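Below you'll find the structure, written out as structure tokens, and then a few comments.
The values are calculated or read from the model by the stated rules, or taken from the named source; none is laboratory data. As the structure is a computational prediction, the values presented were derived from the model and not from experiment. Note that we place each Cβ from the backbone using ideal geometry, even for glycine, and neighbour counts take in every protein chain shown. Note: areas computed on protein heavy atoms with side chains; ligands, DNA, RNA excluded. Shrake-Rupley method; radii C 1.70, N 1.55, O 1.52, S 1.80 Å.
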Amino acid sequence: MSLGSIVSLAWSSLNSRRGSAILTMMAVAVAVMLFLGVDKLRTSARESFNNTIAGTDLIVGARTSPVSVMLFSVFHIGDPSANVTWKSVEWMKSRPEIDWIVPISLGDNHKGYRVVGTTPDFFDHYAFRNQQHIQFAEGARFDDLFDVVIGSAVARELSYKLGDKITLSHGAGIDFSGGHDNLPFQISGILKPTGTPVDRSVLVSLPAIKAIHVGWETGSRSAVVNIITPDRVRNMNLETDSVSAALVGLKGNNPFLIKRTIDSYREEALVAAIPTLAISEIWKLVGVVENVLLAVSAFVIFVGLISILTSIMTSVRERRREMAVLRAIGAGPAHIMLLLISEATLLAAIGALTGIVLTYLAILSIAPIIETNFGLALSTGLPGLTDLTVLGCVTLFAAVLGIIPAWQALRNSLADGLSVKL
């Protein structure tokens, strides 16, 4: 009996028990789909995380850990421990190694969305995935003191449009009872989605940040705020004294030299974070979680393989006469074992292939939704090495597990002869 005949016989045997075979294959398919789905999400999350900022060589903040600077300045998580004086910003601008610098000021919010004070250069130099720059869906960058540019998520979730009036609130994260409602802003631009925290940002100019804090010098609202109007504040000195951090682009390709210079700056305690290194450190903090998810998914695949073993073991008890007949017509022990191993292999291979197909169909259907709502760009390319590895491993392990019922069937056929002993 040739190997092709054995595989054909195994297929016919599965077809005769198609109900249980389909259920077993679907169990494997769902397990593989879960594993690959978690892996795709993990990989896409890491890529999106790494591509949140591109083209920026350094991020400079007050002395703290580089990870902390990265978190509050780019991901808007947490707050700076202190500000960077404008004198230090000017010093950095004067350095011959520095090509451009974009200061940012944080500390306020609009209905929970982070307010970012910056300069118009932000729209020219901030880049993300594959060196893409910020683009406007509508309108343009802020020009007037009370112009505001909003991210795509802010516009979508709050149903804002160009020309709408909004007010900012003092403090980050939530709306406080004391706000900057005396100085309304007008939406001058709405950004296209970027898949970064910019989508959930409200961008204003640095003078605007200074203007809304007139009367808040002590950290709380004073009576002066009640008499501050847009016309009056326009005539005040709105020069920036300090900022939360600064995004820096260099002329050369070696950020370590200027990082050392900034870190040792004697006039002020500063730290320069290299984005790629800081992001790697941040990802290490969440690496345990992704490993746990993969372990759980791998366990689910193991359960799916056990279902194959259970299905074939159950069928062996019901097919003792069939095995005995095969032995009687000349099938050797190896043929009996190969038959049942082939059944296990076919169940696993078809189930795994189905799981891979379902995974990519699911990705194609939900990728636009995930990217729009969570800023996560799922890869929709052709199956890669990971998919083939999973297919191969699942099929191989199923073949190995198939040895158990195959051995049991061989023992039964030798003992039973042509009669089944009940």
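Packing, as the average of other Cβ atoms within 10 Å across residues, places the peptides 291-303, 34-46 in the order 34-46, 291-303, highest first.
For the cross-link pairs Lys111/Lys210; Lys93/Lys259; Lys192/Lys251; Lys111/Lys165; Lys161/Lys210; Lys111/Lys161, the ones whose C-alpha atoms lie over 18 Å apart are Lys111/Lys210; Lys192/Lys251; Lys161/Lys210. Using the Cβ-Cβ distance between Gln135 and Phe397 with R0 set to 60 Å, the FRET efficiency from 1/(1 + (r/R0)^6) comes to roughly 0.80. Sites listed here are trypsin sites (Lys or Arg not before Pro) in segment 79-145 whose DSSP assignment is loop and whose Cβ has at most 15 other Cβ atoms within 10 Å: Lys111.
For segment 29-174, what does the alpha-carbon gyration tensor say about shape, rounded, prolate or oblate, given a ≥ b ≥ c as the root eigenvalues, a/c under 1.5 as rounded, and a/b over b/c as prolate? Judged from the Cα gyration tensor, segment 29-174 comes out oblate (a/c at least 1.5, b/c at or above a/b).
Dividing the C-alpha radius of gyration of segment 57-117 by 2.2 N^0.38 Å, with N its residue count, gives 1.18. Under a Cβ-Cβ cut-off of 14 Å, what is the net charge of the residues other than Asp57 that fall near it, where Lys and Arg count +1 and Asp and Glu count -1? Cβ neighbours under 14 Å give a net charge of +2. Remark: segment 223-234, residue by residue, has Karplus-estimated 3J(HN,Hα) of 5, 4, 4, 5, 10, 7, 10, x, 5, 5, 6, 4 Hz, where x stands for each Gly or Pro and the curve is 6.51 cos²θ - 1.76 cosθ + 1.60 at θ = phi - 60°. Taking the DSSP beta bridges with both ends in the chain, the antiparallel portion is around 80 percent. Net charge dipole, the chain: roughly 1780 debye, given to the nearest 20, about the Cα centre with Cβ charges of +1 for Lys and Arg and -1 for Asp and Glu. Its Cα gyration tensor gives the chain an equivalent ellipsoid, and the semi-axes of that ellipsoid, as √(5λ) in whole Å with the largest first, are 65, 22, 16. Across the accessible surface of the chain, with the other protein chains kept in place and a 1.4 Å probe, carbon and sulfur atoms take up 62 percent.
Ranking Val84, Pro103, Phe299 by how far each Cα lies toward the positive end of the dipole of the chain (charges on Cβ) leaves Phe299 at the top. Our estimate of slack between Ser16 and Leu294, defined as 0.36 nm per intervening residue step minus the Cα-Cα distance, is 96.5 nm. Dipole of the chain computed with +1 at Lys/Arg Cβ and -1 at Asp/Glu Cβ about the Cα centre; of Ile212, Leu14, Gly163, farthest Cα towards the positive end is Leu14. Here's how it looks for Ser205: its modeled amide H is under 5 Å from those of Thr118, which are all 5 or more places away or on a different chain. To the nearest 10, the accessible area of Trp91 is 50 Å² with a 1.4 Å probe. Only one residue of Gly151, Ser280, Gln131 has its Cα farthest out toward the positive end of the dipole of the chain, where Lys and Arg carry +1 and Asp and Glu -1 on Cβ, and that residue is Ser280. Across segment 1-74, the volume of the C-alpha convex hull divided among the residues equals 161 Å³ per residue.
Using the Cβ-Cβ distance between Ser264 and Arg234 with R0 = 41 Å, the FRET efficiency computed as 1/(1 + (r/R0)^6) comes to roughly 0.50. Taking the Cα centre of segment 138-291 as origin and assigning +1 to Lys and Arg Cβ atoms and -1 to Asp and Glu Cβ atoms, the resulting dipole is close to 260 debye.
In the context of the full set of protein chains, segment 32-179 has a per residue accessible area of 42 Å² (1.4 Å probe). In straight-distance terms, cross-link reach from Lys40 covers every one of the aspartates and glutamates whose alpha-carbon lies under 16 Å from its own, apart from those fewer than eight places away in the same chain; here that gives Glu290, Glu371, Asp387. Given +1 at the Cβ of Lys and Arg, -1 at the Cβ of Asp and Glu and no other charges, the dipole of segment 77-152 around its Cα centre is 260 debye to the nearest 20.
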